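What follows is a single structure, written as C-alpha cells, with notes after it.
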Amino acid sequence: KVIEIHGTASYCKCLSCGSRYDNAEVRRMWADSGGEAPDCTVCGGIVKAATISFGQPMPEAEMERAAAEALSCDLMLAIGSSLVVYPAAGIPLTAKRNGARLVILNREETEMDPVADLVINAEIGPVQRECQEESPDHHRHRRGGLGRDGLVHHQRRGDGARPRFSRHAGAGNRDPRA
C-alpha cells in the first residue's frame, strides 16, 4: 500500500478549493497565458503540483491512514525523505517498533539510517526502475538486482559512481529478502 503523505507530482491542485488538474492541462494553461502561472478556473486560486510544501498542512486522512498502517505492516519503505520533519518522520519508527522491517531509499543519509534494515543512498528513479525490472512479474534480461548477500546491486550510474548500499546493525544477520 502506497500512501503519499507528501502528496504527488502526478497532477496539480488548487490551493484554495482543491480542484484537480492534469499536468498537461496546467502546462497548456501556462503556455496559453504567455508563461504566467495559471489560476484556478473554478475559484481563481493558485494552482500548483499536488505536493506538500513547507508551511502547508499535512493531509489529515493520509497521515491517519499511514499511522494506522505503520502499526501492522511487515515492511516500511521510506522513499525520498530526509526523515527529519515530524509528524511524518515518526511513521517509519512506529513501523519499526512494531516489528516491521525498514528500508530507507534516499539520496542522502538520514538520522534514521542506523535503525533501518536496509539503506540505499542513491537516486530514487533508477533504483525503483531496477527493482521493477527485477520483480518476478517482469520478464527481462537480468541486469543486477538482489545479490546473494542480501543487498541490491546495480550497474554503474552514468557518472561512473556506484550507489551506496549498507545494512545496519538494526538488521542483525537477517536476510532482507525474507
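Nearest 0.05, what FRET efficiency do ALA68 and ALA24 give at R0 = 35 Å with Cβ-Cβ as r?
So the FRET efficiency works out to roughly 0.55.
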>> Show me the ranking of peptides 117-124, 8-15 by mean Cβ neighbours inside 10 Å, starting with the highest.
In response: 117-124, 8-15
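Each reported figure results from applying straightforward, stated rules to the coordinates on display, with no laboratory input. Because the structure is predicted, anything quoted here is derived from the model rather than measured. Because the Cβ atoms are built from the backbone with ideal geometry, glycine has one as well, and the counts that use them run over all protein chains shown.
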